[in-house]
Amino acid sequence: MKFCRFQPLEFGVDAVGAPAHPEPLFGLLEGSSVRELLGDPLTEWRRAERAWPLDRVRLLAPILPSKIVGVGRNYAEHAAEMSNPLPKEPIIFLKPLSSIIGPEEPIVLTPFSQNVHHEAEIAVVIGKTCSQLADGEPALPYVLGFTCVNDVTARDLQRSDGQWTRAKGFDTFCPMGPVIETEVDLAKSTVAGYVNGERRQFAPVTDLLFSVDFLIHWISRMMTLVPGDVISTGTPSGVGPLHAGDVVEVVVEGVGTLRNPVVAPTSVSPLEASRHLSETAKGR
Ligand code: ZN
């Protein structure tokens, strides 16, 4: 199944003539239509009567988590291209929820960085509360499904700051989606990153230094994972700079394609910016 969040594109206008967006809804992507859900994928849900043609909705980030846990240097070739040694344990960090955007929303570059990179990743979405998972207990029953994340990173700030919060935390630096796919064969899945249609990154998910199962066990020893939480598992080699006007895609085999345009800091209208902020704030 492919869970999504969406807004119908049937805009009214408010008192000053600005578009009034309908409330976000959960849905199931079924071919070229989106079936509305009653309830939500993390608790109880059932199919609603109403379905929308895909071209009459705007897909949003498929979930609003309580935290996004990132994993650094989890592919050997990526660690090598950054001149870093292989980690002995996972290197984890958090991305702020205010960095989340959905498919097709613009990644807004920042004047604070001259070297913003794409990082194509497969991400786990947690489905059941998970704490202190015992060795040998399977982790997959705690997983709702998988999605695509672009762990956008200001590479220059990552190096100069010595820790990663600022580099990975700018608004719009966490595109996510387009769906949460509940059935993914990790043994066969692949992660690819494209810029303007050209493939820059590619690896099978089996190349992960620390597997999805290992990461869930290991992270659950430090912090309780709650339904909706996202673990972005790290990026393959081939990361590189993004420029205004680029279109970047994260393609996870068996999940889908997450596509976002890249824009200069000044080219986002205040209306767009306030819409994004109200959308992220609404989920709190
Ligand atoms: Zn990353």
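Taken together, the values in this text are just the output of simple stated rules run on the coordinates, not laboratory data. Please read these numbers as outputs of a predicted model, since none were measured by experiment. Using ideal geometry, Cβ is built from the backbone for each residue, glycine included, and neighbour counts are taken over all protein chains shown.
Show log10 I(q)/I(0) for segment 2-59 at q = 0.20, 0.31 Å⁻¹, two decimals, from a solvent-free Debye sum over equal Cα scatterers.
With one equal scatterer per Cα and no solvent, log10 I(q)/I(0) is -0.70, -1.26.
What list do you get for 144, 258, 209 if you sort them by fewest beta carbons within 10 Å?
Values: 144 22, 258 29, 209 17.
Result, fewest neighbours first: 209, 144, 258.
Given points 7 Å out from each Cα along the Cα-Cβ axis, report the residue 16 to residue 128 separation in nanometres with one decimal.
4.9 nm
Using the basic label-point model (7 angstrom from Cα toward the beta carbon), what is the residue 156 to residue 23 distance in nanometres?
4.5 nm
If each residue of separation counts as 0.36 nm, what is the full-extension length gain between residue 166 and residue 199 once their alpha-carbon separation is subtracted? Numbers along the way, then the final one.
On the way: separation 33, 0.36 × 33 = 11.88 nm, distance 2.73 nm.
9.2 nm is the gain from fully extending residue 166 to residue 199.
5 Å is the cut-off here: which amide hydrogens, built 1.01 Å from N in the peptide plane, fall below it relative to residue 52, excluding neighbours closer than 5 in sequence?
Result for residue 52 returns 34, 35, 36.
For segment 141-159, list residues with backbone N below 19 Å from a point placed 7 Å from the Cα of residue 243 toward its Cβ?
Counting only backbone N, you get 153-156.
Work out how much length residue 115 to residue 38 would gain on full extension: take 0.36 nm times their residue separation and subtract the Cα-Cα distance, in nm to one decimal. Display every interim value, and only then the final one.
Working: separation 77, 0.36 × 77 = 27.72 nm, distance 4.30 nm.
Difference between extended and current length: 23.4 nm.
At q = 0.14 Å⁻¹, what log₁₀ I(q)/I(0) does a Debye calculation on the Cα points of the chain give, no solvent, two decimals?
Log10 I(q)/I(0), no solvent term: -1.00.
Which residue, chosen from 113, 84, 66, occupies the Cα position most advanced towards the positive end of the dipole of segment 1-139, where the dipole is computed from +1 (Lys, Arg) and -1 (Asp, Glu) charges on Cβ about the Cα centre?
Farthest along the dipole direction, towards plus: 66.
Give, in nm to one decimal, the length gained when the segment between residue 76 and residue 55 is fully stretched (0.36 nm per residue of separation minus the Cα-Cα distance).
On the way: separation 21, 0.36 × 21 = 7.56 nm, distance 3.98 nm.
Full extension from residue 76 to residue 55 adds 3.6 nm.
Along each of the three principal axes of the Cα atoms of segment 195-236, give the extent in whole Å, ordering the values from largest to smallest.
Computed over segment 195-236, the largest-to-smallest principal extents equal 39, 21, 12 Å.
Given segment 211-259, report the % of alpha carbon pairs whose separation exceeds 13 Å.
Values: 858 of 1176 pairs.
I get 73 percent for the Cα pairs in segment 211-259 exceeding 13 Å.
Which of the peptides 97-106, 213-222, 183-192, 45-54 is most tightly packed, and how do the rest follow, going by the mean number of other Cβ atoms within 10 Å of each residue? Don't skip to the end; give the middle numbers.
Working: 97-106: 20.9, 213-222: 17.3, 183-192: 15.6, 45-54: 12.8.
Those peptides, ordered most packed to least, come out 97-106, 213-222, 183-192, 45-54.
Would you list 156, 135 from fewest to most Cβ contacts within 10 Å?
Values: 156 15, 135 5.
Ascending number of Cβ neighbours within 10 Å: 135, 156.
Determine the dipole magnitude for the chain: charges of +1 sit on the beta-carbon of Lys and Arg, -1 on that of Asp and Glu, nothing else is charged, the reference point is the Cα centre, and the result goes in debye to the nearest 20.
Values: 25 positive and 34 negative charges, 78 e Å.
With only Lys, Arg, Asp and Glu charged at Cβ, the dipole is about 380 debye.
Quick check on segment 1-149: take the gyration tensor over C-alpha atoms, sort the square-rooted eigenvalues as a ≥ b ≥ c, and tell me if it's rounded (a/c under 1.5), prolate or oblate. It would help to have the intermediate numbers written out before the result.
Details: a/c = 2.50, a/b = 1.39, b/c = 1.80.
Taking the square roots of the gyration eigenvalues as a ≥ b ≥ c, segment 1-149 is oblate.
Would you mind telling me the antiparallel percentage of the DSSP bridges in the chain, rounded to 5? Present the calculation step by step, with values, prior to reporting the outcome.
Details: 62 of 69 bridges.
In the chain, DSSP labels about 90 percent of beta bridges as antiparallel.
Give the dimensionless ratio obtained when the Cα radius of gyration of segment 93-149 is divided by 2.2 N^0.38 Å. Mind showing how you got there, number by number?
Numbers: Rg = 15.8 Å, N = 57, 2.2 N^0.38 = 10.2 Å.
Against the empirical 2.2 N^0.38 Å value, I get 1.55 for segment 93-149.
Determine, for the chain, the count of lysine pairs separated by eight or more sequence positions (or lying on different chains) whose alpha-carbon distance falls under 26 Å.
18
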